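**Q** Pasting a structure below so you can have a look.
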Amino acid sequence: MYGAGQTLTRREWVQATFAPVAAMWALAQARAQQQQQPPAELEPLNRFPRMVHEYYLRRIRELEQKRLERFARIRTRADAEAYVREVREKIRLCFGPLPERTPLNPRITGTVERDAYRIEKVIFESRPGFLVTANLYIPKGRQFPLPGVVASCGHSDNGKAYEAYQAFSQGLARMGYVVLIFDPIGQGERLQYLDEQLKPRLRPGTREHLHAGNQQFLVGEFFGTWRAWDGIRALDYLLTRKEVDPERVGVAGNSGGGTMTTWLVGLDQRWAMAAPSCFVTMFRRNFENELPADTEQCPPRALALGLEHEDFLAALAPKPIIILAKEGDYFDVRGSEEAYERLRHLYRLLGAEDNIALFVGPGGHGITKESREALYRWFNRATGVSDLREEPPLQIEKDETLWCTPQGQVARLGSRTVFSFTRDKSQQLARRRVGLEGAALRKQVIELLRLPARKFPPPFRILRPLPARGYPLPNAVTYLVETEPGITIAVYRLSKQRVLSRPPQGEASAILYVSHRSADRELREEPLLRELIAREPDAILYACDVRGVGESQPDTCDWRSFDNPYGNDYFYAIHGLMLDYPYVGQKTHDVLVVLDWLSSCGYRQIHLVARGRGAIPAAFAALISPYVSKVTLKNALRSFSEVAESEMYSWPLSCFVPNVLAHFDLPDVYRELQAKGLELLDPWGANPEGM
């Protein structure tokens, strides 16, 4: 401010008047320049991390509502009997035809003598050359035949030798039961992935189950059927023993063994009683709680068929069943209570309400003494073999004492592995396949992927332009294309000119890039895209992530679990199979709808480009869509059969098509795409780096 009477020159007046404006203009220019220079390290865009989860949850709740409406119509004994028959048939559809019964070829490799029982070390073959190790607990000083129990282990590295599983097997034996407890595949003496020194190449239990089970889907197998078949053959063996009363044989197990108990009850009606522990809840509860489960715990099509955990138990109604649960278990006890109430209604109509029970013990996951004693009381009530209500004193053995094999692994006895069966079946299917082409191939792809009808033109939204992120072209706008209710796919449009509206009309050709993991990151880092821009300067570049990666990579389950074998990518892939809508089919649908959208925007020539994981849905979409004129796939999987026939592989379940190798393989698709100028760049095998 100037004092009174002070005179300003014109130069001073201009500076005083416009200096603030100039400063603001300089600041705006600096900010604009800063926006054009992206930070050195950018986190990939991930604006919709809950989208896939909420989409699945809506579908699961809709199916559950239909199931509850069906259950509400069970009002008479005849209704209940019809429901039992219905769920038995649905269970068979999930688990597929069971294999042929082949000779068990049992042998006893040793015995352990104890005060009230002896333990026989048994090896039998559930399939030809596929060895099962088991301990048979036989009470002493009893009059035979006695009730029998098949005991199913949970996820313990040492299988049948795990202390809690020894405990309930021994406790039952001391009360007068003949108990056969066997090692699950991938646990105890049955590890499937060993080096020459018998050291595990993969973690026993869940990791082995996922690795063997995911691969099996390609050849139309379900790991749960393999696990359950071991239990059925264990029952077959137990029934050959003169010490066992065939009319009083039960099944019990905890955790993963609770899973197998539940499945076995649904698959075989020879059981006289059952006690699944720490498993029975609801599929919906597990999903809501973001709780991943092993491959064998997720039966294909189960959700689509309207099955719940309790339905597997209903298949044995009205025989005695107790659900053992824990208040602090991660298997939600609320689901256990809901399952029990519905089963009680069913049993009441069948005139046997007292044959269904629920025990909720204190503490967390596990078959602790309280649960074991509830199991003893329930089986004693059903058989009358003992009036003991408390667990007798136990003697826990060392692992080596219970080994059935000299070195603690069936591998040393030449047992076949699950992988060897998968490899052989893949090769058999290849010999049988008739090379599909043209319309027949497209029809089969649509069927296996369960592709739904598409709405044309697809609805879409326009987001504000992205700030500078180091893309090969300066201006990027994001369109959200709705591919299904609840699913919107972020599609980036890159150009030299700034666009705030729908894609400008009159543009004839486009490149659509489908990312491997993140379109945002790959637009900065993938050299192929800059090459394509230089090679096709008149084409407008679009890039997208299909659901479940990039912009919608989930943040569910465990923190940053996407790449974990037990993480959220697997979580949605396995639930996709339970919904009878494979994840790769969902992703293919996304690409098809984006292609439809580009066509509706006026593009007549679309070059579809994809990399890595994105190359699989892109290849299927290119086969089906009439709008694709050219195809370039970088790091595409060479063939599904290569994965099925490789003991070690790194491709995730989210890329697999169930039972695909019974019908076609990726090379069939690639041959068909030659008509669209397919270019395959650096294809990947079963175990590539950078997956």
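**Q** Put +1 on the Cβ of every Lys and Arg and -1 on every Asp and Glu Cβ in the stretch 440-681; which of Val549, Leu532, Ser600 then has its Cα farthest towards the positive end of the dipole?
**A** Ser600
**Q** Full extension from Gln505 to Arg442: what is 0.36 nm times the residue separation minus their Cα-Cα distance, to one decimal in nm?
**A** 19.5 nm
**Q** I want to verify the translational diffusion coefficient of the stretch 440-681 in µm²/s; compute it with Stokes-Einstein, Rh as the Kirkwood radius over Cα pairs, at 4 °C and 1.567 mPa s. Provide the component values of the computation, followed by the final result.
**A** On the way: Rh = 18.1 Å.
So the translational diffusion coefficient is about 71 µm²/s.
**Q** Between Lys676 and Arg524, 0.36 nm times their residue separation minus their Cα-Cα distance comes to what?
**A** 52.0 nm
**Q** What is the spin-label model distance, in nm, from Asn564 to Asp157 if the labels are put 7 Å beyond Cα along the C-beta direction?
**A** 1.8
**Q** To continue, here is another question. Restricting to Cα pairs below 8 Å that are 6+ residues apart, what does the relative contact order work out to for the chain? Please round to a whole percent.
**A** With pairs under 8 Å counted, the relative contact order is 15 percent.
**Q** Between Leu653, His516, Val477, whose Cα lies farthest towards the positive end of the dipole of the stretch 440-681 when Lys and Arg beta carbons carry +1 and Asp and Glu beta carbons carry -1, centred on the Cα centre?
**A** Val477
**Q** Moving on. So what are the stretch 74-427's ellipsoid semi-axes, whole angstrom, largest first, if each one is the square root of 5 times an eigenvalue of the alpha-carbon gyration tensor? Present the calculation step by step, with values, prior to reporting the outcome.
**A** Numbers: eigenvalues 164, 131, 70 Å².
After diagonalising the Cα gyration tensor, the semi-axes are 29, 26, 19 Å.
**Q** Follow-up. Roughly what would the spin-label model give for Glu69 and Leu194, points 7 Å off Cα along C-beta, in nm?
**A** Computed distance between label sites Glu69 and Leu194 equals 5.4 nm.
**Q** Under a cut-off of 18 Å between alpha-carbon atoms, report the lysines in cross-link reach of Lys90, not counting same-chain residues fewer than 8 places apart.
**A** Lys90 reaches Lys66.
**Q** Under a Cβ-only charge scheme (Lys and Arg +1, Asp and Glu -1), can you give me the dipole magnitude of the stretch 650-691 about the Cα centre, in debye to the nearest 20?
**A** Approximately 120 debye in magnitude.
**Q** Efficiency by 1/(1 + (r/R0)^6): what FRET value for Ala82 and Arg412, r their Cβ-Cβ distance, R0 = 51 Å, to the nearest 0.05?
**A** According to the calculation, E is roughly 0.50.
**Q** Could you give the dipole magnitude of the stretch 74-427 about its Cα centre, charging the beta-carbon of Lys and Arg +1 and that of Asp and Glu -1, in debye to the nearest 20?
**A** With only Lys, Arg, Asp and Glu charged at Cβ, the dipole is about 700 debye.
**Q** Hey, rough spin-label estimate for Phe456 and Arg101, points 7 angstrom out along Cα→Cβ, what's it come to in nanometres?
**A** So the two model labels end up 5.5 nm from each other.
**Q** Using the Kirkwood radius built from alpha carbon pairs, what does the Stokes-Einstein equation give as D for the chain at 37 °C and 0.692 mPa s, in µm² per second?
**A** Working: Rh = 28.0 Å.
Rounded to a whole number, D works out at 117 µm²/s.
**Q** Separate question: For Asn475 and Glu536, what is the calculated FRET efficiency with R₀ set at 30 Å and r taken between the beta-carbons, to the nearest 0.05?
**A** 0.95
**Q** Using the beta-carbon distance between Leu466 and Leu57 and R0 = 30 Å, what value does 1/(1 + (r/R0)^6) give for FRET efficiency, to the nearest 0.05?
**A** On the way: r = 29 Å, r/R0 = 0.98.
That pair, Leu466 with Leu57, gives E of 0.55.
**Q** Can you tell which of Leu494, Ile91, His209 lies farthest toward the positive end of the dipole of the chain, using +1 and -1 charges on the Cβ of basic and acidic side chains (Lys, Arg; Asp, Glu)?
**A** Going by the charge dipole, the pick is Leu494.
**Q** Moving to a separate point now. Using 20 Å as the Cα-Cα cut-off, could you pick out the over-long pairs in Lys455/Lys587; Lys160/Lys326; Lys160/Lys369; Lys425/Lys587; Lys326/Lys369?
**A** Long pairs (Cα-Cα over 20 Å): Lys160/Lys326; Lys425/Lys587.
Read the figures in this text as sums done on the coordinates, not as results from a lab. Computed from a predicted model, the values in this text were never measured in an experiment. Cβ: placed from backbone, ideal geometry, glycine included. Neighbour counts: every protein chain shown.
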